[in-house]
Amino acid sequence: MRRLRRGAGLTQVALAAALDISPSYLNLIERNQRPLSAGLMLRLAERFDFDPRALGADEPGGGMDGLRRRLSDPMFADLNIDRTEIEEWLAAAPGGAEAFARAFDRAAEGGTRAVGEEAAPIALVRREIERWRNHFADLDAQAEGLADELRLSSGDLYGAIAERLRVKHQFAIRILPANVMPDRVRRLDLHARQLQISEMLDGASRCFQVAYLLADLEAIAEINALVTGAALADRTAERLFRRHLTGYFAAALMMPYARFLRACEGSGYDLLLLQRRFNAGFEQVSHRLTTLQRVGARGLPFFMLRIDRAGQVSKRYAGASASLLVEAEGRCPLWDIHAAFARPGEIVRQVVALEDGERWFTMARTVAAQGAALQGGGAMFAIALGLKAEFAAPLLSARGIDLQGGEAQPVGPGCSACTRELCAQRSAPPRGRALRFSDRERGLSPFSFSGD
């Protein structure tokens, strides 16, 4: 509140008058001696165009969620730092919390630690994406305007994009047989002015590929500005970030923000309906759901995770969720993201509870890799979507499930970072905990360890 007030150039008296509270009450809030009520947050949003969910992002170290994410690193597993300690730390020493966050991030940036098993360039790009909460307002606005313009010429988005590429940019689209392009799904032939696409791609993937080329041609100024602003010293990270932004624009062109959000809210976030209405794939829709962070028109705070059969992560977007399920080094085998591989094409729903009692509603489904048929159809991934159970009531997929009081599967951030003792599925003890042995008894878990 103090940072917000100072940023707006207001005195305590002026801000208190704008919020219809007394200056003394505002003073207590700023000194962390009174809570910020829901009514006050609503007034902030109405009078200052302020998103209450952005409060944590302005706190030292990203606030509670930001510090919890960093402290979930296995190196801190033996410290048993709980929410109360973090709250006290933020209240008593916000500068120290921010200093810790900066030092931790600098160490990760320098390659001494990567997020999970990711290489340093990928970690750098992820950090930049999450700094924006995977919402790039300028790209969304331009894509939305272009999508409206294309709709005027044709109801078929793929055809409209192909025509624009032909007329405005002198690029033709050519669909090539699999035996002609056996190891590529897309190729840009600048000499022939052709975008060549494999016949093995489905309609949604073909549309994305032509939209990607259009993004590279017409959103180049906005993408360059974002890449330059990121100041990524690593050339590989810079190219990865540019690829993400170009794909972001392509998806925003296929699923324009306002229309997509209205469809989400009107259908209860019906994933099958959204796929059909926007001619998009399950993975494309899932990713788009993590980007709905426009001020004044926000969607639900989803995260998205993509893993292969071995549990390796190839995509992770926390969006506005700040979920440990995304940030964790490993994945819990009790989380049904893994069970999706045994039920291909089916959406697997589950309510899970983390060690601190926080409940999440998750949905997982398998998807085939683009052009998987070129490799005999063996490439498959599982996509997980999730959000806090308290926000999941509007979802069509959550109907009939007791989100708050019903059964929830206890899960953790992978065995090496999980401190649950009574887990028969445990495959390794938590890092930093001393193992205990008894010749007279054996518990549910093959590992018994000290509590601190």
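The residues in the stretch 436-450 that are assigned to a loop (DSSP other than H, G, I, E, B), hydroxyl-bearing (Ser, Thr, Tyr) and in contact with a strand residue (DSSP E or B) (Cβ under 8 Å, 6 or more places away or on another chain) can be counted, and the count is 2. Within the stretch 60-74, is even one residue surrounded by fewer than 15 Cβ atoms within 10 Å (Cβ to Cβ), part of a helix (DSSP H, G or I), charged (D, E, K, R) and modelled with pLDDT under 75? No, that holds for no residue. Does Ala108 count as at pLDDT below 80, more than 14 Å from the chain's Cα centre (by Cα) and surrounded by 17 or more Cβ atoms within 10 Å (Cβ to Cβ)? So Ala108 fits the description; yes. Inspection of the stretch 289-296 finds a residue satisfying the criterion of being of a type in the set (A, V, I, L, M), at pLDDT below 95 and not assigned by TED's automatic domain parsing to the domain that holds Val167. Meeting the requirement of 1 or more residues that are in contact (Cβ under 8 Å) with a residue 60 or more places away in the chain and touching a Phe, Trp or Tyr at 6+ places or on another chain (Cβ under 8 Å), the helices (runs of 4 or more DSSP H) wholly within the stretch 139-246 are 203-218, 220-230.
The set of residues in the stretch 327-357 that are touching a strand residue (DSSP E or B) at 6+ places or on another chain (Cβ under 9 Å) and under 18 Å from Phe76 (Cβ atoms) comprises Glu327, Leu354, Glu355.
The single residue among Glu407, Glu358 that is under 20 Å from the mean Cα position of the chain (by Cα) and more than 25 Å from Asp202 (Cβ to Cβ) turns out to be Glu358. What residue, among those in the stretch 132-148 that are over 18 Å from Val227 (Cα atoms) and among the small types (Gly, Ala, Ser), is surrounded by the fewest Cβ atoms within 10 Å (Cβ to Cβ)? Restricting to residues being over 18 Å from Val227 (Cα atoms) and among the small types (Gly, Ala, Ser), the top hit is Gly145. Checked against (1) part of a helix (DSSP H, G or I); (2) farther than 30 Å from Glu355 by Cβ; (3) of a type outside the set (Ser, Thr, Tyr); (4) at pLDDT 75 or above, Glu46 meets all criteria but (4).
The values are calculated or read from the model by the stated rules, or taken from the named source; none is laboratory data. Given the structure is predicted, the values throughout are model-derived calculations rather than measurements. No Cβ is skipped: glycine too gets one built from the backbone with ideal geometry, and neighbour counts run over all protein chains shown.
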